[in-house]
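Here is the structure we will look at, set down as structure tokens.
The values are calculated or read from the model by the stated rules, or taken from the named source; none is laboratory data. Computed from a predicted model, the values in this text were never measured in an experiment. Note that we place each Cβ from the backbone using ideal geometry, even for glycine, and neighbour counts take in every protein chain shown.
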């Protein structure tokens, strides 16, 4: 658990972060989003003390981070940045082993861990273990960057626009790998981005920042449907609002549980915008839904997709104005 | 870049460092046996071979002067370069860089000559002048090399939990090493030449046969000294070439 | 700017200025001048306080007092400007004071007596100049501003020299004894450099263009020039002697000799080629392909593209090559005195061989001044050319442009072989 209590940071006369308080729960995926200069990266970098806070307190599991040596604190967290920052003179293996080596893990354990991480991030260990960073593509480099951050099994992962420099396809695959990894390991993630689609896709909760203040902190659904300010509405964007709205719910959420239908079924976790796409592609208004074990879980109707939820009132306006 | 291990006999024959080393050793040890050749080339000379000091002695003294001054310059220069790239020393960086840049416009031979009025004759002024001069490229390149390390790499290193010393020794210095080495190479090559001229301020180096030969119109002496100094410089330069390849071997993988 | 609390509670705003102030104080405690009955005996030290005798003398030290205060000023433009002026004036004032005291010492001594600068003078003058340099840098003065500061100190000292105020200093006495030789030596030195520059440019620029257009030429030329640059100058002079002497014997009457200016000019040219060829090639390589493409698209002929696009854009880099060449050649020409080429090096080596230290200074100091002047002159040219090339900076990277991988032609090191 990460707690910010009235934390501030000034650089000269400029206030980067202005008395911000929030809590990130254990295992939560928290996205910080905002325009550039909003203070989101500063907040992230204060968590591992790369930037010292001027005022207020930051606690991890109730312990003030000032009571720890910065290096010790950082070794307990993963850190991934947009420009990756792999050590160019070290092999992939040695890069990934950075923190375990600093922590003095025995060699065989490090080696096994590197193999495990390379496989987890879809990099063939035999091929890439001994490669140097300049031999890898941008996407592969960031895979190694993520592996390096996860190496010492940190309970917190800090990510500063990790996928912003990647092409859309690579970005999407890394996003789903990250999702899978964090669900498997239960790692708490604090993730900075300026891309709302990415935020909506990954986050448990989204914190929107502007001018050093946290102006809204809510679930993706709430951000879409009840934006706290015009800025949040702008960040969400008016284009394709309906599809974004659909994307934050799944087929399982809206399926009629008692109904049954034959044909190729959708998994319950399919986002609704995909389900809509599927209906258009198949020229149908109803699709069967199955759960994780392949058992029928109901039928999704086109009319259920356009049926608005009670909490959609505000967001519906936003969409309507587009 | 060919590694030092696994060279075929053919590589050995075409390797600049190996060939240069063989030539240098042959020249230094075999110069006395070339006496008949010089006697034939310069029949007018009573003494066709420089024999006041052995070439082995002169070569060793020359290398000691260059090595000593370069080592001192590397220690002080990289130290100063590291100091002014740390947060507590950053204020002095501009001054140090300015001094290093301006100082390099001073011709080394003039710096050597100026050391005499200040310190006197002998090997000491040569050692001090060579050290001072060698400092400049070392400092300049140390600062440039350390500043050239990508900010993202430093951010990642700190973010992963490396302390200042670990960042410096595991990341910054290895990455700056090729640039620092280029400065050291410049310094050493200049010093090989300046050390030869240092024979005029009383240091016994390979320049001595040349100076004696020039003053006494003995061309044989001049050639003997010049050949060995030139071979020494080429060998050292080739050595640095090899070292530079080794330091950046990761970038050629 | 960070504040550093130190010095018993006072606030130091500029630690560089503090260092210079401390150095200046230390320099004030060292011997200011040396006074010897004649040029062979070693002198007795003259401390600074013994040299300060009149109100004017005290006035001369005023810039020094101001300098002591500058570390404690907030680094505003005005405070930094004050540092620059105080530092520069201190250096000039110390020269004036040295001349003043030398005249006083000469009044009661034999004509053979010598007064020379001692460590205290050098330390204080260096502290003043460095404080000025650092202040100018912090103010963000450009090339022109910095040269103006340096130029004004030089002008002040030149005025003192011209007025005869410094005539009793040993260096000037030495100069007075060798006025004609000195003028000849300076001229000869400049001519040696100029004589080498002509063939260097005639060969080097076309070679650089060729190396840029055909990589094979670069691969053939750069290793050779590199090795030449590696060979110490004294060795190259020596190695040129024998073949030239042999040639002279074959062609009597052609005026070819193993000693004198000819081998010097040949060696200087060989050394000068590398920076010129390399920077011509690197400068041309730095011209963005898109710019050239656009010029071709607009219908410029290859000749027009070279003259109107390539040349102006490559000029700053070329000029920094010329700067390296000139600075290096000034130093190499001094070494050439050993093979009888004359010039300022002849005075310097004559002093070294005869243990006449003032003579060494009379040769070495002008060599340094010539090199610094060449550097300053070319800096102005580079700054102007860079403005003309739309702010393309001719970056100063004498020992290795780090942006380029090793072992490339563009990566050849500019090192002055001495």
Test of understanding: among A:31, A:80, A:84, which residue is touching a strand residue (DSSP E or B) at 6+ places or on another chain (Cβ under 6 Å), under 27 Å from residue A:200 (Cα atoms) and within 14 Å of another protein chain (Cβ to nearest Cβ)? A:80
Breaking point among (1) under 31 Å from the mean Cα position of the chain (by Cα); (2) closer than 22 Å to residue C:360 by Cβ; (3) touching a residue at least 60 places away in the same chain (Cβ under 8 Å), for residue C:48: (2)
Taking region B:196-209 and the residues there that are over 13 Å from residue C:237 (Cβ atoms) and within 7 Å of another protein chain (Cβ to nearest Cβ), the one that is surrounded by the most Cβ atoms within 10 Å (Cβ to Cβ) would be B:200
Is it the case that residue C:364 is within 14 Å of chain B (Cβ to nearest Cβ), surrounded by 18 or more Cβ atoms within 10 Å (Cβ to Cβ) and either modelled with pLDDT under 95 or closer than 30 Å to residue C:42 by Cβ (or both)? yes
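Being within 14 Å of another protein chain (Cβ to nearest Cβ), buried (at least 21 other Cβ atoms within 10 Å of the Cβ) and not in a strand (DSSP E or B) is the requirement here; does residue A:45 meet it?
For residue A:45, the condition - within 14 Å of another protein chain (Cβ to nearest Cβ), buried (at least 21 other Cβ atoms within 10 Å of the Cβ) and not in a strand (DSSP E or B) - is met.
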Pick from region B:132-157, criterion more than 24 Å from the chain's Cα centre (by Cα) and assigned to a helix (DSSP H, G or I), ranking: surrounded by the fewest Cβ atoms within 10 Å (Cβ to Cβ): B:151
The residue from B:212, B:184, B:192 that alone is under 28 Å from residue C:238 (Cα atoms), surrounded by fewer than 23 Cβ atoms within 10 Å (Cβ to Cβ) and either touching a residue at least 24 places away in the same chain (Cβ under 8 Å) or in contact with a strand residue (DSSP E or B) (Cβ under 9 Å, 6 or more places away or on another chain) (or both) is B:212
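Per-residue answers, yes or no, for (1) closer than 22 Å to residue C:17 by Cβ; (2) surrounded by fewer than 20 Cβ atoms within 10 Å (Cβ to Cβ); (3) touching a strand residue (DSSP E or B) at 6+ places or on another chain (Cβ under 9 Å):
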site: C:80; (1), (2), (3): yes, no, no
site: C:85; (1), (2), (3): yes, yes, no
site: C:91; (1), (2), (3): yes, no, no
site: C:94; (1), (2), (3): yes, no, yes
site: C:98; (1), (2), (3): no, no, yes
site: C:102; (1), (2), (3): no, no, yes
site: C:110; (1), (2), (3): no, yes, no
site: C:116; (1), (2), (3): no, no, yes
site: C:120; (1), (2), (3): yes, no, yes
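Condition check ((1) modelled with pLDDT of 90 or more; (2) part of a helix (DSSP H, G or I); (3) over 14 Å from residue A:225 (Cα atoms)) across all residues:
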| residue | (1), (2), (3) |
| --- | --- |
| A:269 | no, no, yes |
| A:273 | no, yes, yes |
| A:276 | yes, yes, yes |
| A:289 | yes, no, yes |
| A:304 | no, yes, yes |
| A:308 | no, no, no |
| A:311 | no, yes, no |
| A:314 | no, yes, no |
| A:318 | no, yes, no |
Selection from region A:232-267 of residues free of Cβ contacts under 8 Å to residues at least 24 places away in the same chain, within 19 Å of residue A:33 (Cβ to Cβ) and part of a helix (DSSP H, G or I) yields A:234
Select from region B:80-116 the residues that are within 10 Å of chain C (Cβ to nearest Cβ), touching a helix residue (DSSP H, G or I) at 6+ places or on another chain (Cβ under 8 Å) and over 19 Å from residue C:331 (Cα atoms) and list them in ascending order. B:89, B:91, B:92, B:93, B:94, B:95, B:96, B:97, B:98
Hey, residue A:237 hits all of (1) in contact with a helix residue (DSSP H, G or I) (Cβ under 7 Å, 6 or more places away or on another chain); (2) surrounded by 16 or more Cβ atoms within 10 Å (Cβ to Cβ) but one; which does it fall short on? (2)
Quick test of your reading of the structure: residue C:270 fulfils all but one of (1) under 16 Å from the mean Cα position of the chain (by Cα); (2) surrounded by 17 or more Cβ atoms within 10 Å (Cβ to Cβ). Name the failing condition by number. (1)
Residues that are in contact (Cβ under 8 Å) with a residue 40 or more places away in the chain and in a helix (DSSP H, G or I), drawn from region A:89-109: A:92, A:95, A:96, A:98, A:99, A:100
The one condition residue B:160 fails out of (1) under 18 Å from residue B:71 (Cα atoms); (2) within 14 Å of chain A (Cβ to nearest Cβ); (3) surrounded by 24 or more Cβ atoms within 10 Å (Cβ to Cβ) is (1)
Only one of (1) surrounded by 17 or more Cβ atoms within 10 Å (Cβ to Cβ); (2) more than 14 Å from chain B (Cβ to nearest Cβ); (3) at pLDDT 90 or above fails for residue C:214. Which number is that? (1)
Looking at region A:174-190, is at least one residue within 16 Å of residue A:86 (Cβ to Cβ) and assigned by TED's automatic domain parsing to the domain that holds residue A:83? yes
Can you spot a residue in region C:178-194 that is without any contact (Cβ under 8 Å) to a residue 12 or more places away in the chain and buried (at least 18 other Cβ atoms within 10 Å of the Cβ)? no
Out of B:213, B:193, which single residue is facing chain C (nearest Cβ under 9 Å) and either over 14 Å from residue B:45 (Cβ atoms) or not in a helix (DSSP H, G or I) (or both)? B:193
Scan of region A:48-77 for residues that are more than 10 Å from chain B (Cβ to nearest Cβ) and either surrounded by fewer than 16 Cβ atoms within 10 Å (Cβ to Cβ) or within 20 Å of the chain's Cα centre (by Cα) (or both), ordered by number: A:52, A:54, A:55, A:57, A:60, A:61, A:62, A:63, A:64, A:66, A:67, A:68
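Tally up the residues in region A:103-136 that are over 28 Å from residue B:252 (Cβ atoms) and within 14 Å of chain B (Cβ to nearest Cβ), please.
Let us first name the residues in region A:103-136 that are over 28 Å from residue B:252 (Cβ atoms), namely A:103-106, A:108-109, A:112-113, A:116, A:119-120.
Now narrow it down to the ones that are within 14 Å of chain B (Cβ to nearest Cβ): A:103-105.
Final tally of qualifying residues: 3.
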Among the residues of region B:118-125, is any without any contact (Cβ under 8 Å) to a residue 40 or more places away in the chain, closer than 29 Å to residue C:329 by Cβ and either facing chain C (nearest Cβ under 10 Å) or in a helix (DSSP H, G or I) (or both)? yes
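Name the one entry in A:171, A:143, A:148 that is away from chain B (no Cβ under 13 Å) and closer than 23 Å to residue A:105 by Cβ.
Answer to the check: A:143.
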Criterion first (at the interface with chain C (Cβ under 7 Å from one of its Cβ atoms) and either under 23 Å from residue C:258 (Cα atoms) or surrounded by fewer than 24 Cβ atoms within 10 Å (Cβ to Cβ) (or both)) does residue B:177 satisfy it? no
Regarding residue B:129, is this residue assigned to a helix (DSSP H, G or I), more than 8 Å from every other protein chain (Cβ to nearest Cβ), touching a helix residue (DSSP H, G or I) at 6+ places or on another chain (Cβ under 9 Å) and more than 30 Å from residue A:89 (Cα to Cα)? yes
